[in-house]
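Coordinate-derived values only; no laboratory data. Quantities reported herein were computed from a predicted structural model and do not represent experimental measurements. Heads up, the Cβs are rebuilt from the backbone with ideal geometry, glycines too, and the neighbour counts pull from every protein chain shown.
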Amino acid sequence: MLALVTGSSSGIGRDMARYLNELGYDLIITARDRQNLEKLKQELNSKNERKVDVIIKDLSKTEECISLHEEIKQKYDFVDLVINNAGFGLCGEFTKTDLQKELNMIDTNIKAVHILTKLFLQDMVEKDKGRILNVSSIAGFMPGPLMATYYGTKNYVLRLTQAIKEELNKSKSNVKVSVLCPGPVNTNFDKVANVKFAIKGLSSEYVAKYAIDKMLKNKTIIAVGWKIKMARFLSKISPDSILAKVCYHMQKRKIYK
């Protein structure tokens, strides 16, 4: 079994790679940070003889997403599992946040997920097997003032995955798709996004293991933790105007120096 994990140099992606390695998967790990990827490869190689292939790509660039798929196709017959984890956030009033950072976020959080999902899904549908796990967020269920672009990107990932799931169901395909929707996780995300969350974050190790276990049980929407499951339930019954007000007050700014 072979798995591709994007954004695997740190955080949830790194812990997903570690857990998949324990489960017996060979791995393709990709991100921009060669040093951290090579360090992870060395760590995993010290535990067992499973193959770990490092591929350096900047997935905010369309051509590198396409070349990643092409390179993997040339090396391997089939990828059994694709985890689209690469992404980041940005906090601030929409009129004041940096446009270029937001466009880069859209390229990473949306375009990369879209391209890799489509290309690898086509391969999987042809062979009628395989799994894709897209990483969204609890943000995908609601509007997000003070993190408007980030919430918008995660809405896209969630709805895209749900739509693909229904198409696969209608065609009676054996290919499975899932979407992970965690709340705050103890990673470098909050520092990059310049935000401090009101809800205490879960460990990335716990979220990674929980997500993969649920995915392997064919769970479509994977919400982690009772607070996040409650938030999802409330998002279903509350008007969008109320959700927007709640989200606004939940975003606590923190300036990093």
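Subtracting the Cα-Cα distance of residue 163 and residue 203 from their residue separation scaled by 0.36 nm leaves 11.4 nm.
With each label modelled as a point 7 angstrom along the Cα→C-beta vector, the residue 103-residue 118 pair spans 2.0 nm.
In this simple spin-label approximation, residue 49 and residue 217 carry label points 7 Å from Cα along the Cα→Cβ vector, and these lie 3.4 nm apart.
Label point of residue 66 set 7 angstrom out along Cα-Cβ; within the stretch 94-134, amide nitrogens under 16 Å from it belong to 111-120. Exceedance of the 27 Å cut-off in Cα-Cα distance is limited, within the set 118/154; 101/245; 57/245; 75/101, to 57/245; 75/101.
Taken over the C-alpha atoms, the stretch 50-90 has Rg and Dmax values of 11.7, 38 angstrom.
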